[in-house]
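Data block below; observations after.
The values are calculated or read from the model by the stated rules, or taken from the named source; none is laboratory data. Every value quoted in this text rests on a predicted model; they were computed, and no experiment measured them. With ideal geometry, Cβ positions are generated from the backbone for all residues, glycine too; neighbour counts draw on all protein chains shown. Note: accessible area is taken over every heavy atom of the protein model, side chains too, but ligands, DNA and RNA are not part of it. Shrake-Rupley method; radii C 1.70, N 1.55, O 1.52, S 1.80 Å.
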Amino acid sequence: DFGRSSELAFVVEPSDDIAVQEQPLILYCQVEGIQPITITWRKNGVMILDSENAFMLANGSLYVSRFQRVRGDGSSDEGEYDCMAQNHYGLLVSRKAKIQAATMSDFHIHPQNAVVEEGGVARFQCQIHGLPEPVILWHKNSMPVNTDNERYTLLPKGVLQITGLRAEDSGVFHCVATNIASVKFSREARLTVSGSHSSVYKDPMILVGPENLTLTVHQTAVLECIATGNPRPIVSWSRLDGRPIGVEGIQVLGTGNLMISDLTVQHSGIYVCAANKPGTRVRRTAQGSLVVQAPAEFVQHPQSISRPVGTTAIFTCVAQGEPPPQITWLRNGQILETSDHIKLKNNNSTLSIYGINQADEAIYQCLAENSAGSTQASARLTVLWADGLPSPPQGVRAETVSATTIQVSWEKPLQNTKEIIGYVLHIRKAADPVEMEYQEAVSKSTFQQLVTDLEPSTSYSFYIKAYTSRGASKASEVTVVSTLGEVPAMPSLFIKVINSTTVQATWEPSIKLGQHKGFKLYYRKVHLSQYTGPVLLASNVTAYNITHLDASVVYEVKLLAYNQHGDGNSTVRFVSLRETVERTVLNPPCDCMKDEQNNKTSTTGIIIGIHIGVTCIIFCILFLMFGYRGRLLMCKNVQEQLSTPQIPRSQRSTTGLVLNGATRRDRDDRDLNGKQLDINELERLFPASPSQEQQEKGITLAHSLSAPHDETQISTLPLDEFSIIEEQPDPLPKNPPGSSPAAPAPNHGPANEG
């Protein structure tokens, strides 16, 4: 019975058709499978009874003697037909066949008179609706148009194009539409070819561009594009997305119409027609979209399966098409209703039946349908049942032990217990779907099981099956029980000192807390027994500021979570504000604006001092070059401020020091002789320890006399504390050889105050 020949299946299914009024119609249906097989027909879901007008033939096909679009009673033979086949194993439904009446309307677009100059382009159009699509032919002067003339192009939608017009093209044109329903003629239109070919330049122009088309695979698409201009423009085609159009099945009709044969879904896109002036980049464009639909077809068919009672059956049905098809499941010809043990997943591509029993044995069908067509596939579920299997376990009871534990107990089946090899306990949250169920195996001598790791305050369902080597028993009765409630766990708690009277308590909400309604916060001075609080906080609050505290004592802060079952364990923290107060006293807050201003003033003074110092050095060098005795930079209270004189950059490498305008010759002589200035004399002139007041004003000369003069030292001199003195041009007396030069007494009466 499980061979392919035993499966109930369609050999021939009814197909879509267009019927002719008052003519007979036959819809075919052929089935194979285990006899006896009964075939019936439906139209729009309603059973068709044999009558004089419609009856079933011996081979299962449906015969309609005189098809009528509208009958006298208002009914119609148009509609969706399907055939149903049934045998002992189930019922099967064919695909739906759409039957329409052949029709033809009147022309709603007729050709129009046209006057075109010689060498130009003429276009006539007529349109008419009909089923099937009418074939439109053109006549000129009551004679069929010569289609062998390459200047004449006939498009399927009723368009006639004539290029390179000549005088002999003038005449009267009309179109003839034909299908199985009727033949109709359009009105006539006259074409007049005037004048001779003009040589005046005309920009390229597209007279008619492509229309938006929606077609089905394997049909033919014609995208029209007719352009004019002088010189005659070149028509080219491209896709807006940049993909190549390709060459397979592509043909150009006339001077620029694009025809695509044997359409596929890949041909869908936006097509651009361009009219280009020869030899230039001047062009005009027009575009139209092409949508190619594909009827639904199966990528994966459902497979017939056999499963023991109590197990799970899964059918998979994958279909494709354009637009994507909708999938519907049938059970013995009826739409399948989902339930706790019947689930549809993956956009209805997967059918799962949990805990199957004999009532689930049937033929299951997958129907895939979109706007381009429909298809069906079927599979059979056989439920295996062995004789002598145990009856269901008896007396299933469940008792709550704690918030996370339930004990389940049962009694052995009443019948066929000798072959039992064990039991399986099926566990599921009562609110979860069947597929979330899990199992625990139990030995055949055990009649109770402690189920742990459950969630507090949650309902669970349990049932038992007894297993043998040949299969499982039916499921026992289901029992439902809830776990006990549980108080929340301890929350984490952190304390942050804000200031001398305020601390902030923060905590993190955690799943480990479980279900909780909120938090309670307490605090107290450690030497007191009574808490302040509780402060009740919502479950979404994670911080609280405790204010108006005494900085001289230590505080205890306690936090706990609570719910309807009571208070959880608390978390305790201790905090002292004394250190914060001491830090505040020792480190008073700085006046940042004042410090910033002082920094700016100090920086400005340094920059000005550097500029003035460099200027003075330059002046000294100039006066020395012109023979003056020199200028000396005199600072107020120099004896208390300076420890080392400034050395000009030009004298970095010298070993001596020039004072009070010594001539360059004397200086050079001293350099050559390697003589050094008496250190004691310099220390007398420039005391080593400046006063505290001068240090605060930033007047320093940090160069040591005993160190080599290998770099320039720059002094910082405030503008209000130095003077420039011009000395009298008395020559310095010559000193005995080997003695130190005597420094003249400084004159504190400045001639020019700096």
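Quick notes on this structure:
- Single residue of the stretch 466-504 satisfying the filter (in contact with a Lys or Arg (Cβ under 8 Å, 6 or more places away or on another chain) and assigned to a strand (DSSP E or B)) that is farthest from Gln358 (Cα to Cα): Val503
- Test for Ala431: is it in contact (Cβ under 8 Å) with a residue 12 or more places away in the chain and either polar (S, T, N, Q) or open to solvent by less than 90 Å² (accessible area, probe 1.4 Å) (or both): no
- Residue count, the stretch 136-184 (criterion: exposed (fewer than 13 other Cβ atoms within 10 Å of the Cβ) and within 30 Å of Ala101 (Cβ to Cβ)): 2
- For the stretch 197-253, the set of residues classified as among the hydroxyl-bearing types (Ser, Thr, Tyr) and open to solvent by less than 60 Å² (accessible area, probe 1.4 Å) consists of Ser198, Thr216, Thr228, Ser236, Ser238, listed by residue number.
- The set of residues in the stretch 534-555 that are within 30 Å of Gly485 (Cα to Cα), surrounded by 12 or more Cβ atoms within 10 Å (Cβ to Cβ) and either without any contact (Cβ under 8 Å) to a residue 24 or more places away in the chain or out of contact with any Ser or Thr (no Cβ under 7 Å at 6 or more places or on another chain) (or both) comprises Pro534, Val535, Leu536, Leu537, Ser539, Val541, Tyr544.
Listed here are the residues, each with its yes/no results for (1) modelled with pLDDT under 95; (2) touching a strand residue (DSSP E or B) at 6+ places or on another chain (Cβ under 8 Å); (3) in a loop (DSSP other than H, G, I, E, B).
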| residue | (1), (2), (3) |
| --- | --- |
| Ile26 | no, yes, no |
| Val31 | yes, yes, no |
| Ile34 | yes, yes, yes |
| Trp41 | no, yes, no |
| Leu49 | yes, no, yes |
| Asn59 | yes, yes, yes |
| Arg66 | yes, no, yes |
| Arg69 | yes, yes, yes |
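- Just so you know, in the stretch 320-333 the residues that are over 32 Å from the mean Cα position of the chain (by Cα) and in contact (Cβ under 8 Å) with a residue 40 or more places away in the chain include one that is farthest from Ala372 (Cα to Cα), and it is Asn332.
- Residue within the stretch 402-424 that is charged (D, E, K, R), outside the structural domain of Arg95 (by the TED database) and surrounded by 19 or more Cβ atoms within 10 Å (Cβ to Cβ) present: no
- Spans of strands (runs of 3 or more DSSP E) in the stretch 313-393 with at least 3 residues within 30 Å of Leu215 (Cβ to Cβ) and open to solvent by less than 10 Å² (accessible area, probe 1.4 Å): 362-370
- Residues of the stretch 76-94 that turn out to be in a loop (DSSP other than H, G, I, E, B) and open to solvent by 40 Å² or more (accessible area, probe 1.4 Å), as a count: 3
- Given (1) without any contact (Cβ under 8 Å) to a residue 12 or more places away in the chain; (2) over 47 Å from the mean Cα position of the chain (by Cα), index of the condition Lys184 fails: (1)
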